[in-house]
Structure formats: structure tokens, C-alpha cells
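Below is one structure, written out as C-alpha cells, with a few remarks after it.
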Amino acid sequence: MSSTEEHNLLEIDNLSVSLRGNRILEDINLRVKKGHIHALTGPNGAGKTTLMRSVMGGMPHKGTIRFLFRESTRIGYVPQFLEFDHSVPITVFDFLFLMLKKMPVFLARRRTVRAEVEELLTATDCAHLIDRSVGQLSGGEFRRVLLAQALSPKPELLLLDEPASNIDEVGIRHFEEMLINLRDEHGITILMVCHSMNMISRVCDAVTAVNRTIFYDGPAKGLNHADLLQQYTFL
Ligand SMILES: Nc1ncnc2c1ncn2[C@@H]1O[C@H](COP(=O)(O)OP(=O)(O)OP(=O)(O)O)[C@@H](O)[C@H]1O
């Protein structure tokens, strides 16, 4: 865990979400501490993405969601899926340029922006992809590029929805180091949906398990995986 002050960055009280008459989330009370990597886990269809979307402000809900940001007000987000037309002839540099500057590439000083883009890609361990065509990236490579995009401007809270889902075992270890680096060196608090109990044990400070309601909320260290997984089927 980082040495940053441990105040709550996000406080959720009595959150409930209904979609098309179905209660997806009920009575969710959650605290995410600044400087933590906090995992959200639970079975498929449990409401994790719905909870992330609620935090992003994109979901009608009951209850309160409070951000206690002290440095910036920015939230970075990398979704679980992103529809992208792979036939569009655009490089990673141009893609990030458009996302970050929101102006045509030919209008800006490319050299200055290139250094900025390189720095972001370095933070997500994929600077070598800068001149590659986005359409030719693998799923895992594309996620790293999306993560780089979510880091500018620097967010106080980073929301990641299953960030490691397309990454191979070696890549996962790099990815975990990158998350720890974002927390410890950049002071970014991370709330991420994660199905891997091993990854949660290795990198997370806290974990909340959800299946419509919360059935575990506590430290990631010492978590009994078998007990937790057993509860998946009983809810
Ligand atoms: N727009 C919607 N309208 C109606 N039902 C929805 C909508 N979005 C999600 N749901 C339903 O809400 C439930 C929770 O979905 P959600 O995507 O939040 O689960 P999840 O925990 O992220 O699942 P997974 O681990 O499979 O990604 C599912 O039963 C899903 O079908």
C-alpha cells in the first residue's frame, strides 16, 4: 500500500439500480480509500459494470455517490469493451492525439505532442506501439493504449473494467507492476473490476465482492479465495 494519506476518495451510500424493472444493485455501501488499488469482484452478471457506470455518472440510481477529491476532479475510465472499426487507417499516435487534443493532427506541433504521447505510452509499457496501426493491435495491446489515454490529464481516480482480460500470463505481471507504479509513483487511486483472485491478492489493497448486494468487503490480504468463491453459488 502506498504511504499517501488514507482518507476516503469515494463514498457510496445505499446505492440501488434498477434496469427494465430488474433490481441490478441493492443497498451498496462502499468506501474507496485514496492510494488504494481496490478490486470489485463477483460472478458474471453481478452488477460490477453497472456499479462502475453509476460511479461514472452514467446510470440512473438511488442513493448517494460522493467524491472527496483534493487534487483534481478527473476520473479516468477504461471500459470492458470498446467498439472500434479496425479498418480505420489510424496509428496509435494519431488515435491518442485525437483523444487527448481533440483537434486535427495537422494543426498541432507534432513534436511536442509526440513526447507527451510517448510518456503516456511508457507509463503503460507500450511506447513501442506508437507508430503501429490501431486496427492491427492485439486485444491486450489495445487495452494498454486505452489505459494510456485514460491517464491524461492525470486522473485522481482510475476506473478499470476487467483490465487484464486479454493479457497473457507474462503480460499480467508487467501489468500488475504498472498498476502498482500508477498507485505509488503517480498517486492514482484505482477501482477495478477483476475476476482473478491471484491478481487481487498480488496487487490490491481492498476488495469488494458483489452479487446484487455486497457479500464481502475488506482487505485483499489474507482473503480466503475458496470461501469467497463458494459464496458465488449461494447468492
Ligand atoms: N441496459 C441494461 N438494461 C437491462 N439490463 C441490463 C442492462 N445493462 C446490464 N443489464 C443487466 O444487469 C446485470 C448486471 O450486468 P453487469 O454488466 O453490471 O454485470 P457484471 O458483473 O459486470 O458482469 P460480467 O462479470 O459478466 O461482466 C446483468 O444481468 C445484465 O444483463
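The values are calculated or read from the model by the stated rules, or taken from the named source; none is laboratory data. Note that this is a predicted model, so its numbers are computed, not measured. Neighbour counts run over all protein chains shown; Cβ positions are idealised from the backbone, glycine included. SASA here: full protein model, heavy atoms, side chains in, ligands and nucleic acids out. Shrake-Rupley method; radii C 1.70, N 1.55, O 1.52, S 1.80 Å.
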Filtered residues of the stretch 188-235 (kept if of a type in the set (K, R) and within 16 Å of I167 (Cβ to Cβ)) = R202
message = As an exercise: evaluate M99 against (1) at pLDDT 90 or above; (2) part of a helix (DSSP H, G or I); (3) not hydroxyl-bearing (S, T, Y) and give the number of the one condition it does not meet.
response = (1)
message = Every residue in the stretch 5-57 that is in a loop (DSSP other than H, G, I, E, B), touching an Asp or Glu at 6+ places or on another chain (Cβ under 9 Å) and open to solvent by 10 Å² or more (accessible area, probe 1.4 Å), please.
response = K34, H36
Residues of the stretch 18-74 satisfying the condition of being within 13 Å of the ligand (Cβ to nearest atom) and acidic (D, E) = E26
request  = Would you tally the residues in the stretch 147-193 being assigned to a helix (DSSP H, G or I) and of a type outside the set (A, V, I, L, M, F, W, C)?
outcome  = 10
ask   = If you scan the stretch 141-187, which residues turn out to be within 16 Å of the ligand (Cβ to nearest atom) and surrounded by fewer than 18 Cβ atoms within 10 Å (Cβ to Cβ)?
value = S165, N166
key: Sole exception among (1) modelled with pLDDT under 85; (2) in the same structural domain as S165 (by TED's automatic domain parsing); (3) of a type in the set (A, V, I, L, M) for A46, by number   = (1)
request  = For residues that are open to solvent by less than 30 Å² (accessible area, probe 1.4 Å), touching a helix residue (DSSP H, G or I) at 6+ places or on another chain (Cβ under 8 Å) and within 21 Å of K34 (Cβ to Cβ), scanning just the stretch 193-223, find the one that is nearest to the ligand (Cβ to nearest atom).
outcome  = V193
task = State whether one or more residues within the stretch 77-98 are within 16 Å of L9 (Cβ to Cβ), of a type outside the set (D, E, K, R) and away from the ligand (no atom under 12 Å from the Cβ).
result = yes
query = Do you know which residues across the stretch 102-134 are at pLDDT below 85 and in a strand (DSSP E or B)?
reply = none
